[in-house]
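Visitor: For reference, the structure I am asking about is given below.
The values are calculated or read from the model by the stated rules, or taken from the named source; none is laboratory data. All figures in this text were calculated on a predicted structure; none of them were measured in a lab. Positions of Cβ are backbone-derived with ideal geometry, glycine not excepted, and every protein chain shown enters the neighbour counts. In case anyone asks, the SASA skips ligands and DNA or RNA and just uses the protein heavy atoms, side chains included. Shrake-Rupley method; radii C 1.70, N 1.55, O 1.52, S 1.80 Å.
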Amino acid sequence: MHNILFASSEAYPLMKTGGLADVSASLPAALKELGCTVRVLIPGYPAALDTIKKSRRRKIAQLTIRDEPVTLWQTPIKGADVTFWVMECAPFSDRPGNPYQDPDGNDWPDNAERFHLFCELTRLLALGQGGVNWTPDVVHCNDWQTGLVPALLHDHPERPATVFTIHNLAYQGLFPAEIRHTLELPETFWHMDSLEFYGKVSFIKGGIAYADQLTTVSPGYAEEIRTPEYGCGLDGLLRAREAYLSGILNGVNYADWNPQTDPHLVANYHAGDLDNKSVCKQDLLQRLNLHAGSTDQPLLGFVGRLVEQKGIDLILDSLPWLLKQGCRVVVLGSGDSDLEQRLQTLQKKFSGQLSVNLGYDEALAHQITAASDLFLMPSRFEPCGLNQMYSLYYGTLPLVHKVGGLRDTVFDPSEFTMDQANGFSFKEPTLESFQQALRRALTSYQNPEHWQSLQANGMAGDYSWKNSARAYKDLYQAALNQISER
Ligand code: ADP
Ligand code: GLC
């Protein structure tokens, strides 16, 4: 049985901007089921501190890191079966809003200093020097915000094993060269085999170059990131470390995402009886004033960050055509102001058929997942993607670009047997290829028998954490064996 310190910049329900938060709560809970003792460490953003004030939080350490007073809180969270450690300190705790960016979408100017502090606390806790009477066997770090941890620990003789998970290689934590002096990083890090990346300091390279084991969040993405096309300039280093790199598919937390129990839905349903799925659809159409067209036309949903990665441009360019076919479309998301504006312009033009909802809304995300017939994910790249798995489990057919985790989870009837097929996919991220898949989906929708068998396959799939959590546990053991052999 292992003690795991799981460090992440977000974890649901304390802070969430995307799938990293879902994984940082649900994987630790699944590891706990397997007998691991897990502490999930996250920065104390104001919203997170507010939430834990209402829970049975307990101060477990008080220390000073680089002149900043730090308080470490331990707290259970209702509904999340895991113990959180929350780092209260001014650079995080005095900064409301998005953890990484200001309201105009610019990175906070002191992100390097802020996440370096978070890494320093993680390092101290890893070594049993954080003032807490608990030491981990393994430190599991996630994405660039924790990338310095494996680097800072690597040459310590008495350190725990380190595992680094890449949730998205496109976000690298790149900072000007001088930051290495400000942060007093060892000069040995200033090297192309270490943190240096084309004249900048790269936080993510700390994880990739130094962790005992590297993972990413699907087998498909684990292959792709070793190629120049998807490697974001790091494919060479990833190939050099491929003996230690594996792809482990994310899972779904059925306690939060289950159509049978989902408290956000007007009516619950299950694979054996989908009548209430139609009730959810009618309810949402009415609430969002989507009345134009006849009710037996398909509703298409999108939920996600409005960024280039998600292929929103393909949706935007297809909207007039889709709406002409009689479809209704609902979009929920926030992100790039340009994409937000283009969506709003179309919304004005097509009111009654298109509903654009800007902002973050957990309940609406669940309602769209349940109410839609098709769920659109034309992502240019997708390390794993959770929404397509939520959709499958909710009897909503995903239509995806065949890439990363999407190609590991969505199986198109043109390539798979009708026992296996569960959605639609297209190979090239072009308008033509996307619209061809849309046409096939709309044809299938007119053929209830075909559609229902795809739905049934989707709902019968196992998207739980069971197998993946076991794979992580084996990987922890492999990392421990590696360091004991040193
Ligand atoms: P990514 O992590 O790249 O954003 P994922 O598919 O892994 O993509 O996870 C996205 C998660 O964030 C899902 O749980 C999704 O429902 C949620 N989400 C994204 N945008 C919103 C939003 N505007 N409102 C509510 N939930 C959202
Ligand atoms: C990232 C990826 C997404 C993945 C999530 C959780 O944000 O973009 O594909 O599902 O992390 O691992």
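Visitor: Could you list the GluC sites (Glu not before Pro) in the stretch 385-464 that lie in coil according to DSSP, counting only those with at most 12 other Cβ atoms within 10 Å of their Cβ?
Guide: Glu415
Visitor: May I ask you to compute the full-extension gain from Ser414 to Asp67, defined as 0.36 nm times their residue separation minus their alpha-carbon distance, rounded to one decimal in nm?
Guide: 118.9 nm
Visitor: What ³J(HN,Hα) values, in whole Hz, does the Karplus curve 6.51 cos²θ - 1.76 cosθ + 1.60 give for the stretch 40-51 when θ = phi - 60°, with x put for Gly and Pro?
Guide: So the J values, rounded to whole Hz, are 9, 9, 9, x, x, 5, x, 5, 5, 5, 4, 5.
Visitor: Computed over the Cα atoms of the stretch 98-194, what is the convex hull's projected area averaged over all directions, in nm²?
Guide: The directionally averaged projection comes out at 7.3 nm².
Visitor: When only alpha-carbon atoms are used, what values of Rg and Dmax, in angstrom, describe the chain?
Guide: In Å, with Rg to one decimal and Dmax whole: 22.7, 69.
Visitor: A further question follows. Hey, what angle do you get for helix 275-287 against the long axis of the chain, alpha-carbon based, 0 to 90 degrees rounded to 10?
Guide: 90
Visitor: Is there a quick way to get the dipole size of the stretch 7-163? I mean about its Cα centre, with the Cβ of Lys and Arg at +1 and of Asp and Glu at -1; what is the value in debye to the nearest 20?
Guide: Dipole magnitude for the stretch 7-163 comes out near 780 debye.
Visitor: Moving on. Just the number, please: carbon plus sulfur as a percent of the accessible area of the stretch 275-460, 1.4 Å probe, no ligands or DNA/RNA counted.
Guide: With neighbouring chains kept in place, the figure for the stretch 275-460 is 47 percent.
Visitor: For the stretch 1-105, which whole-number percentage of the solvent-accessible area (1.4 Å probe, protein heavy atoms only) is attributable to carbon and sulfur atoms?
Guide: 46
Visitor: Follow-up. For the chain, find the longest principal axis of its Cα atoms and tell me its angle to the long axis of helix 362-371, 0 to 90°, nearest 10.
Guide: 40
Visitor: Of the heavy-atom accessible surface of the stretch 147-257 (probe 1.4 angstrom), what whole percent is carbon and sulfur?
Guide: Solvent-exposed carbon and sulfur of the stretch 147-257 make up 53 percent of the total.
Visitor: Taking the Cα atoms only, what angle lies between the long axis of helix 448-460 and the longest principal axis of the chain, rounded to 10 degrees?
Guide: Computed tilt is about 20 degrees.
Visitor: Pick out, in residue order, every one of the trypsin sites (Lys or Arg not before Pro) in the stretch 355-446 that is DSSP loop and has at most 14 other C-beta atoms within 10 Å; say none if there are none.
Guide: The qualifying sites are Lys427.
Visitor: Using 0.36 nm times the number of residues separating Asn133 and Asp104, minus their current alpha carbon distance, what extension gain do you get?
Guide: Extending this stretch completely gives an extra 6.3 nm.
Visitor: Let me ask another. At most 11 other Cβ atoms within 10 Å and a DSSP loop assignment: could you name the GluC sites (Glu not before Pro) in the stretch 188-281 that fit?
Guide: Sites meeting the loop and neighbour criteria: Glu229.
Visitor: To continue, here is another question. Calculate, for the chain, the solvent-accessible area per residue in square angstrom, rolling a 1.4 angstrom probe over the heavy atoms of the protein chains.
Guide: Per residue, the chain has an accessible area of 40 Å².
Visitor: Could you pull out every one of the lysines with an alpha carbon less than 24 Å from that of Lys348, ignoring same-chain neighbours closer than 8 positions?
Guide: Reachable lysines: Lys281, Lys310, Lys324.
Visitor: Relative contact order for the chain using alpha-carbon pairs under 8 Å, separation at least 6, rounded to a whole percent?
Guide: 12
Visitor: Another question about this same structure. Taking the simple approach of a point 7 Å from Cα along Cα-to-Cβ for both His181 and Lys32, what is their distance in nm?
Guide: It works out to 4.7 nm between the two label points.
Visitor: A follow-up question, please. Determine the distance separating the Cα centre of the stretch 377-419 from the Cα centre of the stretch 212-275; give it in Å without decimals.
Guide: Using only Cα atoms, the two centres lie 11 Å from each other.
Visitor: A further question on this structure: Please give me the summed charge of the neighbours of Met1: other residues whose Cβ is under 13 Å from its Cβ, Lys and Arg +1, Asp and Glu -1.
Guide: Around Met1, the surrounding residues sum to 0.
Visitor: Over the C-alpha atoms of the stretch 275-460, what are the Rg and the largest Cα-to-Cα span, Dmax, in Å?
Guide: When restricted to the Cα atoms of the stretch 275-460, Rg and Dmax are 14.9, 42 Å.
Visitor: I've got another one for you. Based on alpha-carbon atoms only, what is the radius of gyration of the stretch 124-256 relative to the globular estimate 2.2 N^0.38 Å?
Guide: My calculation over the Cα atoms of the stretch 124-256 gives 1.08.
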